[in-house]
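Student: The structure's right below; bear with me while I get my questions together.
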Amino acid sequence: MNLTLHVWRQKGPADEGRMVQYEVKDVSEHASFLEMLDVLNQQLIGRGEEPVAFEHDCREGICGSCGFMINGDAHGPMPGTTVCQLHMRHFKDGDVLHIEPWRSRAFPVLKDLVVDRGAFDRIIQAGGFISVATGEAPEANLIPVPKPVADRAMDAAQCIGCGACVAQCPNGAASLFTSAKVSHLNLLPQGQPERFDRALSMVEAMDREGFGYCSNHAECEAVCPKEISIDFIARMNRDYLKAKAQRGMKTPLQT
Amino acid sequence: MATTTLDSRIPPGPIEHKWDEHKGHLKLVNPNNKRKFTILVVGSGLAGASAAASFAELGYEVRCFCFQDSPRRAHSIAAQGGINAAKNYHNDGDSVFRLFYDTVKGGDFRSREANVYRLAQVSLNIIDQCAAQGVPFAREYGGLLDNRSFGGAQVSRTFYARGQTGQQLLLGAYQALEKEIASGKVRMFPRAEMLDVVIDGRGRAVGIITRDMVTGKIDRHAGHAVVLATGGYSNVYYLSTNAKGSNVTAAWRAHRRGALFANPCYTQIHPTCIPASGDYQSKLTLMSESLRNDGRVWVPKQPDDKRRPDQIPEPDRDYFLERRYPSFGNLVPRDVAARNIKHVVDEGLGVGPQKNGVYLDFADAIQRLGRKAIEERYGNLFAMYEKITGEDPYVVPMRIYPAPHYTMGGLWVDYNLMTNLTGLYALGEANFSDHGANRLGASALMQGLADGYFVIPYTIGDYLSGHLGEKLSTETDDFRRTEAEVQERVNRLISIKGTRSADSFHRELGRIVWEYCGIARNAAGLQKALQLIPALREEFWSNLRIVGGPDQLNQELELAGRVADFFELAELMCVDALDRDESCGGHLREEHQTPDGEAQRDDEHFQFVSAWQWNGVGKTPTRITEPLEFEYVKPTQRSYK
Ligand SMILES: Cc1cc2nc3c(=O)[nH]c(=O)nc-3n(C[C@H](O)[C@H](O)[C@H](O)COP(=O)(O)OP(=O)(O)OC[C@H]3O[C@@H](n4cnc5c(N)ncnc54)[C@H](O)[C@@H]3O)c2cc1C
Ligand code: FES
């Protein structure tokens, strides 16, 4: 198939950037979207032009490196799929595709389709962990976890931190990302001692980083390549509100 | 600096007590003094992240580096199947000794017994640590941890988190690391590629040189010790199951500065990967080994059989693994399966549009257990397969073909995980130590975390304690010289201005290494490769084209630097494979096979580690050997009949 691409080109963080049109010919339907861009890049190098910078590593939908908008959809048109796992058989000859980086105040563009997602790491730093130094752990089976709880925690823990949720959200909110980590840890018995502090500090970190507020558009859930549910946002908000209330109290909340 | 003998520093005494005894005698750094030491950790995968977090918890100052935009994206994230530990939760006869035994035997008697025993011992602590961190391992209905049997093991000792065990273990270590970053004990440098290690006049590692991948700035970092946890080198083959960024540069730069590279030819080719679909193919995707528990491997008996697979009747199918290995059947070890699959495809019996695969068929299992049971076991893998190929494996058999997956070779390290260069350590897949000539499934995650959480935090103190009060400085001649050399190399790559992209050279190199130093090797092929590789390397250095300058985000420059190192590594792999005139584990020399076509070891002449010393580009490296002794597991011919 032959495609017309309009790709966002931006030399560096300070450059203004613009869309540039490219024609890609004879694309195989079995190639992945990133392989299609590889082919384009090889052609650009052949012509002495700078290839399009985009982030990728595992190309298996698990590292969360890749991601950009295709015709306004984060990770493109297929549900539950990262761009590295998106194959060209879902497109057709003659398609015109607009490819742009994540757009969010909290994710500045570094070059072309590459953005800085460091804000996500800083949200984790605020409390996305269980404090247990190496060697302190008790025997693993001393802490039974009911299977449904473990399964639910795993549903949340699957987040790959790609940033699609933020990119698709009209408010640029990071609630799905943050709530996935809060829920993963707050559901588990191991996470109880730090539960309310965690919710409080991670939500505050989210605000500090310049992400917007969640107003329940649910666009994030629709584009999440791991199909993480917005129910986790409600769960995070409950813990956050309790934690806020606790701030004025003398004795800590019961978990 | 010429090293002639190797001291592996294996502690004396019975194997069960070696590690405890050793720990009891290692020198310690006083808690108040720990903050006076800076440790540089390159890599944030399971090995690097666990080490960096543990060092910081102990009180050391840590700098951690990775080339991704976040430490959470290290290649460990992609591991699917699980992690081994000798917990014996299933009461099925597992023990530290059995895990040790299986690992030594699986490695075809080319690993160090003492290291492997320690690995099996600390496997117990790993599971405890990860469970406490909130890793959502699979559970049974009673709330206790679930296990499965994996990769042909006769006991259930594999812990898992759906099909995403590596992801969850890495996130556990990453979270511990982020906590320490928040506390200020770790300074994280993402998007920083280590391009060299700085060695002082006394042969000690004192720092590294990095390139900021956004601005192109070359930086110096000084440390009292340097820890490399930079992963494996399967991408030398171009097509592999590894992440695109995985590379050998950090280890290779250390090798060029004097660190010995051990057993480079020991590579693992994984039998169950999705075959390549075209010449644009950028990587290969692993389909978990667990699929062989229920899938049956076959090809049509007639080449070019045009019938749909479900139309081919039983008598016209060859279930070649079941036929050749009646007792292990489809569950033979990775190397045996991979070799047999390549063999039938080479004979022209391959299936699929490119005739480059064999069937992995679930029809029987679905009939026996029901579709639901298969969905529960493999749902996510089946979905991934369908996403990639557009075929539904519940209806049409999967097609699989082997792909390079793991590298057992790596930097030579002693029992303390120190390389032969003082103060330079190597952990995880980057070192050579525990898997011999073949790694068992679910043992790499175990080794990475063992090294990072439970070995290096002890052994590094022994070294550091002798260097209290030493001031760090990057304003030394050693730093200046190394930085200048790094800068010079970057400039050289950029200024070639030829006509071919780094990717095109990489692909061509990969084809050579796959052809002659892949699943099966022979002397004539290796000699040929040793002519082809240097010729292509020379073309690389005279005809490479990098578009864009050095002082910016430049993915072509990054790739070119890695490919340049893969060229030199590829040559060493072939030298090692040619020199090792025996077969063992994943290294099959066609000249040395049993009548059944299995790897035929030559213990009399090759029961040693080959540690290679760099002598310069295009110069023959020097082999230094570390003899291996087997006191507890008697070497036998592996047999999976
Ligand atoms: C698809 C797949 C599935 C697997 N499944 C399993 C499994 O089920 N069980 C199992 O036990 N094993 C499995 N393995 C193997 C296992 O995942 C790896 O061996 C292991 O994760 C390696 O961990 P590591 O910490 O040594 O290195 P990695 O995770 O590869 O990390 C390397 C780190 O080094 C950094 N780095 C590298 N070079 C540089 C440089 N020059 N400068 C700065 N930073 C650098 C990277 O940024 C990264 O942070 C699998 C492997 C693959 C490919
Ligand atoms: S490249 Fe890893 S998720 Fe797409």
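The values are calculated or read from the model by the stated rules, or taken from the named source; none is laboratory data. It should be emphasised that the depicted structure is a prediction, and the values quoted were computed from it without experimental measurement. Glycine gets a Cβ as well: all are built from the backbone with ideal geometry, and neighbour counts include every protein chain shown. Heads up: the accessible areas ignore ligands, DNA and RNA and are worked out on the full protein's heavy atoms, side chains in. Shrake-Rupley method; radii C 1.70, N 1.55, O 1.52, S 1.80 Å.
Student: I'd like the residue in region A:140-161 that is β-branched (Val, Ile, Thr) and within 7 Å of chain B (Cβ to nearest Cβ) and, out of all such residues, is surrounded by the fewest Cβ atoms within 10 Å (Cβ to Cβ).
Tutor: A:Ile143
Student: What is the number of the single condition among (1) of a type outside the set (Lys, Arg); (2) open to solvent by less than 60 Å² (accessible area, probe 1.4 Å); (3) part of a loop (DSSP other than H, G, I, E, B) that B:Tyr378 does not meet?
Tutor: (3)
Student: Just the residues that are within 13 Å of B:Gln281 (Cβ to Cβ) and of a type in the set (A, V, I, L, M), please, taken from region A:14-51.
Tutor: Across region A:14-51, the qualifying residues are A:Ala31, A:Leu34, A:Met36, A:Val39.
Rundown of residues vs (1) over 30 Å from B:Glu376 (Cα atoms); (2) away from ligand 1 (no atom under 16 Å from the Cβ); (3) in the same structural domain as A:Asp26 (by TED's automatic domain parsing); (4) polar (S, T, N, Q), yes/no style:
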| site | (1), (2), (3), (4) |
| --- | --- |
| A:Gly61 | no, no, yes, no |
| A:Ser65 | no, no, yes, yes |
| A:Asp73 | yes, yes, yes, no |
| A:Pro77 | no, yes, yes, no |
| A:Val83 | no, yes, yes, no |
| A:Arg89 | no, yes, yes, no |
| A:Glu136 | yes, yes, no, no |
| A:Arg152 | no, yes, no, no |
| A:Ala156 | no, yes, no, no |
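A quick yes/no check of all residues on (1) under 29 Å from the mean Cα position of the chain (by Cα); (2) within 16 Å of ligand 1 (Cβ to nearest atom):
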position	(1), (2)
B:Cys273	yes, yes
B:Asp279	yes, no
B:Leu284	yes, yes
B:Met287	yes, yes
B:Arg292	yes, yes
B:Pro300	no, no
B:Lys306	no, no
B:Glu314	no, no
B:Tyr325	yes, no
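Student: Among the numbered conditions (1) facing chain B (nearest Cβ under 7 Å); (2) within 14 Å of ligand 2 (Cβ to nearest atom), tell me where A:Gly48 comes up short.
Tutor: Exception for A:Gly48: condition (2).
Student: Additional query: Quick one: B:Met287 ticks every box in (1) at pLDDT 90 or above; (2) surrounded by fewer than 24 Cβ atoms within 10 Å (Cβ to Cβ); (3) within 22 Å of B:Asp392 (Cβ to Cβ) bar one, so which box is it?
Tutor: (2) is the only condition that B:Met287 fails.
Student: Considering only region B:279-297, state which residues are touching a residue at least 24 places away in the same chain (Cβ under 8 Å), of a type outside the set (Lys, Arg) and out of contact with any Gly (no Cβ under 8 Å at 6 or more places or on another chain).
Tutor: Selection gives B:Gln281, B:Ser282, B:Leu284, B:Thr285, B:Leu286, B:Met287, B:Leu291, B:Asn293, B:Asp294, B:Gly295, B:Val297.
Student: Another question about this same structure. May I ask you to list pairs of residues, at least six apart or on different chains, whose Cβ atoms are under 7 Å apart, with the first in region B:324-344 being closer than 16 Å to B:Phe150 by Cα and the second being outside any loop (DSSP other than H, G, I, E, B) and of a type in the set (D, E, K, R)?
Tutor: The qualifying pairs are B:Gly329/B:Glu322; B:Asn330/B:Arg292; B:Asn330/B:Arg296; B:Asn330/B:Glu322; B:Leu331/B:Arg292.
Student: Moving on to the next point. From (1) within 12 Å of ligand 1 (Cβ to nearest atom); (2) in contact with a Cys (Cβ under 9 Å, 6 or more places away or on another chain); (3) more than 14 Å from chain A (Cβ to nearest Cβ), pick out the condition that doesn't hold for B:Trp252.
Tutor: Failed condition: (2).
Student: Considering (1) within 12 Å of ligand 2 (Cβ to nearest atom); (2) on the phi < 0 side of the Ramachandran plot, say which one A:Arg59 fails and leave the rest.
Tutor: Looking at each condition in turn, A:Arg59 falls short on (2).
Student: Hey, among B:Ala79, B:Ala86, B:Ala138, which residue is within 14 Å of chain A (Cβ to nearest Cβ) and within 16 Å of ligand 2 (Cβ to nearest atom)?
Tutor: B:Ala79
Student: Is it the case that B:Gln167 is within 12 Å of ligand 1 (Cβ to nearest atom), of a type in the set (S, T, N, Q), part of a loop (DSSP other than H, G, I, E, B) and touching a residue at least 24 places away in the same chain (Cβ under 8 Å)?
Tutor: In short, no.
Student: From (1) of a type outside the set (S, T, N, Q); (2) within 30 Å of B:Arg537 (Cα to Cα); (3) in a helix (DSSP H, G or I), pick out the condition that doesn't hold for B:Tyr453.
Tutor: Answer for B:Tyr453: the failing condition is (2).
Student: Identify, by number, the condition in (1) closer than 18 Å to A:Asp57 by Cα; (2) away from ligand 2 (no atom under 16 Å from the Cβ); (3) not in a strand (DSSP E or B) that B:Glu193 doesn't meet.
Tutor: Checking B:Glu193 against (1) closer than 18 Å to A:Asp57 by Cα; (2) away from ligand 2 (no atom under 16 Å from the Cβ); (3) not in a strand (DSSP E or B), the one that fails is (3).
Student: Of all residues in region B:332-352, count the ones that are buried (at least 18 other Cβ atoms within 10 Å of the Cβ) and outside any loop (DSSP other than H, G, I, E, B).
Tutor: Count: 13.
Student: Let me confirm something: among B:Gly203, B:Gly216, B:Gly231, which residue is within 29 Å of B:Lys283 (Cα to Cα), surrounded by fewer than 24 Cβ atoms within 10 Å (Cβ to Cβ), in contact (Cβ under 8 Å) with a residue 24 or more places away in the chain and of a type outside the set (Ser, Thr, Tyr)?
Tutor: The match here is B:Gly216.
Student: Based on this model, can you work out whether B:Tyr394 counts as part of a helix (DSSP H, G or I) and of a type in the set (Phe, Trp, Tyr)?
Tutor: No; evaluated as a whole, the condition is false for this residue.
Conditions tested, residue by residue: (1) at the interface with another protein chain (Cβ under 8 Å from one of its Cβ atoms); (2) of a type outside the set (A, V, I, L, M).
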| residue | (1), (2) |
| --- | --- |
| A:Ala137 | yes, no |
| A:Cys165 | no, yes |
| A:Pro170 | no, yes |
| A:Ala174 | no, no |
| A:Phe177 | no, yes |
| A:Phe196 | no, yes |
| A:Ala199 | no, no |
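Student: Given the criterion on the phi < 0 side of the Ramachandran plot and assigned to a loop (DSSP other than H, G, I, E, B), identify the matching residue among A:Gly128, A:Gly210, A:Gly135.
Tutor: Residue meeting the stated conditions: A:Gly128.
Student: Identify all residues within region B:202-242 that are touching a helix residue (DSSP H, G or I) at 6+ places or on another chain (Cβ under 9 Å), more than 11 Å from ligand 1 (Cβ to nearest atom) and within 14 Å of chain A (Cβ to nearest Cβ); write none if there are none.
Tutor: B:Gly216, B:Tyr238, B:Leu239
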